[in-house]
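Some notes on the structure that comes next.
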Amino acid sequence: MAGDSDYDTEIPELIEASDSADQSKRVPLTILTGYLGAGKSTLISHILTKKHGHRIAVIVNEFGDTADIERRAVNVGDQEELLELDNGCLCCSIRDAGVAAIAKMMRRKGKFDYIVLETTGLADPSGLAEMFWENELYIPDIYLDGVVCVVDAKNVLEQLDSDSRRSANECVRQIASADSVIINKQDLVSESALAEVRDALNAINATAAVHLTTYGVLDLSQVINLNAYNSVSKEVKSNSSGNHDKHNHDDNHSHSHSNTHLFGISSVQVPLPMLTQEQYGTLDKWLRSVLWESTLPCVSTSSADMEILRSKGVVSVQGVVYILQGVRDMYELKAAPAEQTQTQAQTQIHKGKIVIIGKNVDEALFTSSLTRFLGI
Amino acid sequence: MATCAGINCAQGNAKMQCPKCKDLDISSFFCGQDCFRKSWSTHKSVHTKPQAQPKDDMNLMKLAAALQQSGSSGIGRGEPMEEGAYDPFPNFPYSGTLRPHYPLSAKSKVPDTVTLPDYAKDGTLNLLKATYGLAKGLASIKRLSSEEIDVMRRVCRLGRFVLQQTAKQIKPGVTTDQLDKYVHALCMANNSYPSPLNYHGFPKSVCTSINEVICHGIPDKRKLKEGDIINLDISLFKNGFHTDLNATFPVGKIDADSQKLIDTTRKSLDNAIKICKPGTPFRNIGNEIQPTCDAEGFSVVKTYTGHGVGREFHQSPTILHHTNMRSKGEMKVGQIFTIEPMVNASKSYHVEHWNDNWTAVTRDGVRSAQFEEAILITENGCEVLTAADDYVPPAEHVTIPSIKADQDVVTIDDI
């Protein structure tokens, strides 16, 4: 029998029991996505090796298509491989596991400050995002912080183009599902090429924050602590104050238009006035119809091919600000956190906006459907 | 306040914590350094990785049995073990007083004449099938034809029969293993497969959840005691369909608090059944259950949910019992799903698992109760397919089957 280490033989001093506040602290989880070769691995090795003072668990996993994941095991047994790094970070792979296994690993290895989950380059992250967002409801230890997509400035347009010729268009879906897009290898392209990339990203996903980087070296705040499912991004907000976004479109009209058409996936934005309590209920009904039943009310066009990947929004109901968050057919409307309401009040924004990112979504149709349904 | 985890110490006011445990996020508290020192040689093993399954290690089993007999094992206040039984995880930081009573009896046999569900042989599930839930598209929620509903209704009536017959066997001195053998025999007599058996490897034919066990308790050698509460969760598979229902029962005379917990849990389920009809969003279910339980100072477990039931044991939709807005979809005619609130007798909804990877217990060791029915959405409202014959529907649009639970069934001798 192996002998005990000194640490184990020595009886430690008891410490004052702390309140359970520590235990109930929830750990944010970021889904890191990006096409093969875009620079995800460089970013991960940066997280695992640099002294950044955070205890981050990086889960590299072939989660693959969400259909193959045992979403929430009834049996909490698991298999994992762990690698503990010098900077306190942890790299592990958990096979066929899901949230329950990650939560169990946390109980064994102590809590992390953040969890970064790498997906395979060929995955549509929206299914994974929905799974984690849903799992918050039963496993309170972990919450979905957001989806980060790394793209390669040099090749992304080519990938999008090749995507559009195939039915499985992972690259465009990754961008569409992202809350933060990192354009890597920006040094390898000209300014005009970079503008074209930005334009394409904006056409697909008008609400993601965009960051530029070289060699995947970036500020960690662009990957962790996004709070993307719990707040209104400044991209949604800034656009709701005026027509700033439309202005951009005009500048690059030809690009935007052709890109939207080309990629199949685009963002639609429907502005809203301040709503009455009754209209707020009607908006909820509209969302149920669009997101749950895939039916656009009050318009005759068939929406059979419509597929929604992400919905966001901010709504002012008699001065109280509500936020909309959604992934695929799951959504939530809730009162904005207090500090956000204050910001809203300060900037005197009483107008709202709904943003829907998806396949075969048409801005004119959505606008007409929602305004007629609300009677505005 | 926590109970002291020291050996043979039952101090209820343990305010100190082992630093190593804190690092590992293990919940164990001590009344003081003296008690901690005395318990250290036993306690420190809590810090190491969970032990292998006991069936894999005979030495460990013997050691555990020996420790048990000497009375020196166990953390916190465990109930005394039954004669001839032992706790396979003597150093596990149990949250309450209940302990597993091993060894488990041999696996029950199923004759060839009984049709097996797909997982019965190897205990693993087709993962595509296993991923029920909200994260699957709403289109995956099955709507049954009237022929399928007729079959399902029969299976649900049989489920109710098995539950009510087994409930009659509950009395002090009966072991949960005896109840399991009884359920198994009753299923065999009616040519049906007990769905829990080998589901993800579950070793028994019924889940028996006593006192602080929230759900998925494994039948073992522990005898029921006067004052216990026990949940019997019956699921069986026949003619291609599964049924699933459960109820919590008193063992002999129980205290008023336990009775209130049971009554509140049942009431919360009935409140939820009351709103089931076409067009009701699934998310409204939690709005009925949680406030009912919160009002009594109880809490609704979030970790385990209701689910669609039919050709699969568990399928979409996932039914959450707590207040939330993210549950998606509306009830539609022909859908069948369970509502099965688990309610803890404190404000803590948190769940811990024993080392058997099944038994779910309350984190603070308080009691937990549960009731479950399978609900069919009908044109005019809903039908409680698994209802007891004397069930009083909570609303006009709620109906129960006209077939009695004991109609055309085979019964067996009492325990």
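I'd like the residue in region B:197-225 that is hydrophobic (A, V, I, L, M, F, W, C) and in a strand (DSSP E or B) and, out of all such residues, is nearest to the chain's Cα centre (by Cα).
Here the residue is B:Cys215.
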Going through region B:317-366 one residue at a time, which ones are more than 11 Å from chain A (Cβ to nearest Cβ), hydroxyl-bearing (Ser, Thr, Tyr) and surrounded by fewer than 19 Cβ atoms within 10 Å (Cβ to Cβ)? B:Ser346
Can you tell me how many residues in region B:373-400 are surrounded by 15 or more Cβ atoms within 10 Å (Cβ to Cβ) and under 30 Å from B:Val174 (Cβ atoms)? 10
Residue under evaluation B:Pro291, criteria (1) surrounded by 22 or more Cβ atoms within 10 Å (Cβ to Cβ); (2) at pLDDT 95 or above; (3) not β-branched (Val, Ile, Thr), criterion not met: (1)
Could you grab me the full set of residues in region A:327-373 that are surrounded by 20 or more Cβ atoms within 10 Å (Cβ to Cβ), part of a helix (DSSP H, G or I) and at pLDDT below 90? A:Gln344
Taking region B:126-170 only, how many residues are at pLDDT below 95, in contact with a strand residue (DSSP E or B) (Cβ under 8 Å, 6 or more places away or on another chain) and β-branched (Val, Ile, Thr)? 1
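Among the strands (runs of 3 or more DSSP E) confined wholly to region A:132-220, which include 2 or more residues that are within 30 Å of A:Gly110 (Cα to Cα) and not assigned by TED's automatic domain parsing to the domain that holds A:Ser41?
On the way: elements: A:142-152, A:180-184, A:209-212.
By residue number, no strands (runs of 3 or more DSSP E) qualify.
Among the residues that make up region B:258-274, is at least one of them assigned to a loop (DSSP other than H, G, I, E, B) and away from chain A (no Cβ under 12 Å)? It would help to see each step written out before you state the result.
Narrowing region B:258-274 to residues assigned to a loop (DSSP other than H, G, I, E, B): none.
There is no residue in region B:258-274 that is assigned to a loop (DSSP other than H, G, I, E, B) and away from chain A (no Cβ under 12 Å).
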What number of residues within region B:20-42 satisfy the criterion of being at pLDDT 75 or above, assigned to a helix (DSSP H, G or I) and either more than 8 Å from chain A (Cβ to nearest Cβ) or surrounded by fewer than 16 Cβ atoms within 10 Å (Cβ to Cβ) (or both)? 8
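So which residues in region A:85-100 are within 14 Å of chain B (Cβ to nearest Cβ) and at pLDDT 70 or above, if there are any at all? Talk me through it step by step, then tell me what you get.
Kept after step one, since they are within 14 Å of chain B (Cβ to nearest Cβ), are these residues of region A:85-100: A:88, A:95-100.
Selection gives A:Gly88 alone.
Every residue, every condition in (1) under 24 Å from B:Cys156 (Cα atoms); (2) aliphatic (A, V, I, L, M); (3) in contact with a Pro (Cβ under 6 Å, 6 or more places away or on another chain), yes or no:
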| site | (1), (2), (3) |
| --- | --- |
| B:Ile285 | yes, yes, no |
| B:Glu296 | no, no, no |
| B:Tyr304 | yes, no, no |
| B:His322 | no, no, no |
Which ones in region A:117-129 are farther than 18 Å from A:Ser41 by Cα and out of contact with any Asp or Glu (no Cβ under 8 Å at 6 or more places or on another chain)? A:Ser126, A:Leu128, A:Ala129
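The values are calculated or read from the model by the stated rules, or taken from the named source; none is laboratory data. In this text the structure is predicted, and so the values were computed from the model without any measurement. Backbone-built Cβ (ideal geometry, glycine too); neighbour counts: all protein chains shown.
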